[in-house]
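Asks: Okay, here's the structure, questions in a sec.
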Amino acid sequence: MGMAYLAALARQAGHEAAGVEGVFLGSPKAVARRVAELAPDVVGTSVRTQERFVGLEMIRQIRRALPEAFIVVGGPHFSQTAEDAMAVATEIDAVVVGEGERTFMELLERLPGREGLDQVNGLVFRNADGQVVRNPPREPMPDISHLPVPAYDLFPISEYVYPMIDREATPIIGVMTSRGCPQSCVFCANSLDRKVRFLDPAVAVDQIEWLGRTFGVTGLGVWDDDFLASNRHATAFCEELLRRNCKVTWWTGARPAKLDAEVLKLMLRAGCKCISFGVETGTDEVLRAAGKNTTTAQIRQAMEVAGRIGFQRVNTFLIIGLPGETTDTIDRTIAFVKSLKPLLGSAWYRETDIGQLPLVYPGTELAVMARAQDRLPKDFSWNRPYLEPKRHLPLVNHRYQTVPHYENPHLPLETICAHLKKHHWGALSRGRRRRFRLASLRRLKVAVGLR
């Protein structure tokens, strides 16, 4: 979505813009071939941390295909690892740090030459001598309502699907009605932008109506970091949807703290059928250690209200092994999660009562802790090849084995796995039980380099 905003601004300024959705092309070489066919002067891209190595290979392939193009990257991963990324991938010409719209447009104004790049706040760039220069940071935009409609038309809208209800893949497109999150959870990279700014509800609904008219979109993911950061904003947005009789089905996420039942009822009337809550753990001491700024009592109340109001699906995110975790807090969390299910009935949407292991993302408090506790190698680089050393363990999801896993110094990952196997076998999903049964094979594959 960030790339669509940048493309819209570039077109508004008179530039020709094109979009390439690499997810559907299959390989870095395929993406590079498609980009080369377009022959752009400037290439912009962003990757998630768990996909960074594929993304870096894609950048290398693009550079081979387009040796004269200016390659600029952005997004949370590169924002937090700018100098390291440019040291590892010399193909990168610049990194946009943080919110990208104004920085990217000022960069375009100065290209194809490189004069004046040192005047672009929020930019890390390679100068004529090959040195990496970091400019002063850029403050977030105080007003985001003036931004144009993202250039959705450059991307394959019909290919974006999500299991919104009953686990069926539903065509869905993402929108945002706010930016930023005021919280400071130790594990979350989204907490890096704590200044919350709201899109004018009328502007947000203008975008939704345009998506409906242009692409026939009827399913939306509202990707705000916390849709209920402001009850006033959430109310105004829902009222605008109802006033215009927008027939859309949507889902969003919110903190399970101090929820207003009337706002949730209004959300349901306005088409919100699904809501996700970041529960993470079922004990107050781990919630405090993780910086969640919520309590188990508030979580339970949120579930009671959501169940009573009638959302079709309620999802809860869980993490096992956060700072402060012990085998006792694991036991209490599993019991707590089980106690929430009757409150939601058929709306409950989890296959297991046990969360994922905590992942370490750049710029987070967990990253600081991991370094202080020697959980990361001394020469660790976020952009050089890395595999989680304990990826043989059954709780390590192979999709995230390139991301460091946080390990509580008082509760090794092996202890967590052994405790769950002995005391909570029935709470594990079928897939996880299978991974436990194949643990010896997983260990052997890692040992011989097959995993």
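Only the coordinates and a few stated rules stand behind these numbers; no lab work does. Quick caveat, the model's predicted, so the values are computed rather than measured. Note: ideal-geometry Cβ built from the backbone for every residue, glycine included; neighbour counts use all protein chains shown.
Asks: For segment 2-134, calculate the relative contact order in percent as a whole number, restricting contacts to Cα pairs under 8 Å that are 6 or more residues apart. Please report the intermediate quantities before stating the final value.
Replies: Numbers: 177 pairs, mean separation 25.2, N = 133.
Relative contact order of segment 2-134: 19 percent.
Asks: Using a simple charge model, +1 on the beta-carbon of Lys and Arg, -1 on the beta-carbon of Asp and Glu, nothing else, what dipole does the chain show about its Cα centre, in debye to the nearest 20? Could the numbers behind the result be given before it?
Replies: On the way: 58 positive and 50 negative charges, 431 e Å.
I would put it at about 2080 debye.
Asks: Just want the answer: with Cβ charges of +1 for Lys and Arg and -1 for Asp and Glu, which residue in Thr326, Pro362, Leu259 is farthest toward the dipole's positive end in the chain?
Replies: Highest projection toward the positive end goes to Thr326.
Asks: Excluding residues on the same chain fewer than 8 positions from Lys195, give the lysines whose Cα lies under 24 Å from its Cα.
Replies: Lys258, Lys292
Asks: Still on this structure, I have one more. Regarding the chain, what's the average projected area of the Cα-atom convex hull, expressed in nm²?
Replies: Result: a mean projected hull area of 21.7 nm².
Asks: Taking the dipole about the Cα centre of the chain, with the C-beta of Lys and Arg at +1 and of Asp and Glu at -1, give me whichever of Trp425, Ala335, Leu376 is farthest to the positive side.
Replies: Towards the positive end, the residue furthest out is Trp425.
Asks: Right, here's the next one. Can you pull out the GluC sites (Glu not before Pro) in segment 10-72 that DSSP calls coil and that have at most 11 other Cβ atoms within 10 Å? Present the calculation step by step, with values, prior to reporting the outcome.
Replies: On the way: sites: Glu16, Glu21, Glu37, Glu51, Glu57, Glu68; in loops: Glu16, Glu21, Glu68.
Hits after loop and neighbour filter: Glu16, Glu68.
Asks: Count the DSSP beta bridges whose two residues both fall in the chain, then state the antiparallel fraction as a percent rounded to the nearest 5.
Replies: 30 percent
Asks: Follow-up question, since we're still on this one. Isolated Cys in the chain by the 4.7 Å beta carbon test?
Replies: So far as the 4.7 Å Cβ criterion goes, Cys181, Cys238, Cys246, Cys272, Cys274, Cys417 stand without a partner in the chain.
Asks: For Lys273, list the aspartates and glutamates whose Cα falls under 12 Å from its own Cα; do not include residues on the same chain fewer than 8 positions away.
Replies: Result set, ordered by chain and number: Asp166.
Asks: What is the dipole size for segment 172-218, taken about its Cα centre, with +1 at each Lys and Arg Cβ and -1 at each Asp and Glu Cβ, in debye to the nearest 20? Numbers along the way, then the final one.
Replies: Working: 5 positive and 4 negative charges, 39 e Å.
Dipole size: approximately 180 debye.
Asks: What does DSSP give for segment 174-325 in terms of the percent of beta bridges that are antiparallel, rounded to the nearest 5? If you can, show how the numbers build up before the last one.
Replies: Numbers: 2 of 19 bridges.
Counting DSSP beta bridges with both partners in segment 174-325, the antiparallel share is about 10 percent.
Asks: List the GluC sites (Glu not before Pro) within segment 83-150 that DSSP assigns to loop and that have no more than 12 neighbouring Cβ atoms inside 10 Å. Numbers along the way, then the final one.
Replies: On the way: sites: Glu83, Glu91, Glu99, Glu101, Glu106, Glu109, Glu115; in loops: Glu91, Glu99, Glu115.
Filter output for segment 83-150: Glu115.
Asks: What is segment 2-134 by shape, rounded, prolate or oblate, if you read a ≥ b ≥ c off the alpha carbon gyration tensor as root eigenvalues and call it rounded for a/c under 1.5, prolate for a/b larger than b/c, and oblate otherwise? Walk me through the intermediate numbers first.
Replies: Values: a/c = 1.40, a/b = 1.16, b/c = 1.20.
It comes out rounded by the Cα gyration axes.
Asks: Using θ = phi - 60° and the Karplus form 6.51 cos²θ - 1.76 cosθ + 1.60, what ³J(HN,Hα) does each residue of segment 119-129 get, whole Hz, x for Gly and Pro?
Replies: 9, 9, 5, x, 10, 10, 9, 9, 7, 4, 8
Asks: Here's a follow-up. For Phe78, Phe317, Phe336, what ranking results if the residue with the fewest other Cβ atoms within 10 Å of its Cβ goes first? Present the calculation step by step, with values, prior to reporting the outcome.
Replies: Working: Phe78 29, Phe317 13, Phe336 18.
Least to most surrounded, the residues fall as Phe317, Phe336, Phe78.
Asks: Quick one: putting +1 on the C-beta of Lys and Arg, -1 on the C-beta of Asp and Glu, what dipole do you get for segment 290-444 around its Cα centre, in Debye to the nearest 20?
Replies: 700 debye
Asks: Go through Ala13, Val31, Met86 and say which Cα lies farthest out towards the positive end of the charge dipole of segment 2-134; charges sit on Cβ, +1 for Lys and Arg, -1 for Asp and Glu.
Replies: Result: Val31.
Asks: Using DSSP to define loop residues, name the trypsin sites (Lys or Arg not before Pro) in segment 1-62 whose beta-carbon has at most 12 other beta-carbon atoms within 10 Å. Let's see the in-between values first.
Replies: Details: sites: Arg11, Lys29, Arg33, Arg34, Arg48, Arg52, Arg60; in loops: Arg48.
In loop regions of segment 1-62 (DSSP not H, G, I, E or B), there are no sparsely surrounded trypsin sites (Lys or Arg not before Pro).
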